[in-house]
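These notes concern the structure reproduced below.
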Amino acid sequence: MTDIQSSQHGTSATPAAKPERISAVVMALLATGFSVWVLATLPIQAALILTVASVVAWVAWMRTTYAYPVRTRKVIAVYLCAIAFQFIHMSEEYTGGFPHEIVDLFNSSRDWTEKSFLLTFVFGFGAIWVLAAAGALYQLRIANYLLWFYALGAGLINAISHFVFPILKGGYFPGLYTATGHLIMSALLIHLLIKESHRLRTRATGHPDDDSDGVQNALN
């Protein structure tokens, strides 16, 4: 019996089946490993931004698109537009010597070369962001985590930090000019991810205010 037929007969929608747990565990382990790596190698201030982003993104993912992976093309289209803008943002960072500037700003004892910045955060993560879009088209849960990690980490937290760095330095800091666009794109993406999750939850459970599909139900 379809959802429409069920509503016509006055019956409630059948609750959605609980999602598998392996994706959550695998992504938690990968996020932990990534956090350990950046904390051990990058200037601690940059590493903390990435670590906080990985944790917050995991929590947001578990409460939203883990149980209900995105299906609307609008979300993925906005995500890809945000990725395109990310490359513009990183171009400003690269030409301004962002790795060197952040080391100097915090007097870090850890060096961060432009080569490492390019290979890891431009080319490496650039490939991951694009692959995440492909995975999201097929409702892959891990791909949905990467959408959240981008929106909250590379987007929101990163953009806010670029308004803080110039205050600490007392002048221009690489990435400042494109930070506003980054902030707008990430805020829009976060809005759409939450809206999409709410829509899919409502359609699956018939309870628009039901928040029972958060971290606990996703892992049980």
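The values are calculated or read from the model by the stated rules, or taken from the named source; none is laboratory data. For clarity, every value in this text was computed on a predicted model and none was experimentally measured. In this analysis, Cβ positions are derived from the backbone assuming ideal geometry, glycine residues included, and neighbour counts consider all displayed protein chains. With ligands, DNA and RNA removed, areas are computed over all heavy atoms of the protein, side chains included. Shrake-Rupley method; radii C 1.70, N 1.55, O 1.52, S 1.80 Å.
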Reported set for the range 170-189 where residues are surrounded by 14 or more Cβ atoms within 10 Å (Cβ to Cβ), more than 23 Å from V78 (Cβ to Cβ) and of a type outside the set (A, V, I, L, M, F, W, C) is P174
In this structure, does A151 turn out to be closer than 20 Å to A46 by Cα, assigned to a helix (DSSP H, G or I), in contact with a Ser or Thr (Cβ under 6 Å, 6 or more places away or on another chain) and of a type outside the set (D, E, K, R)? yes
Looking across the range 44-59 at residues that are open to solvent by less than 20 Å² (accessible area, probe 1.4 Å) and within 13 Å of the chain's Cα centre (by Cα), the single one that is farthest from V103 (Cα to Cα) is A57
Being within 16 Å of L50 (Cβ to Cβ) and not in a helix (DSSP H, G or I): is that true of S108 here? yes
Tally of residues being within 17 Å of Y177 (Cα to Cα) and surrounded by fewer than 14 Cβ atoms within 10 Å (Cβ to Cβ) across the range 92-121: 1
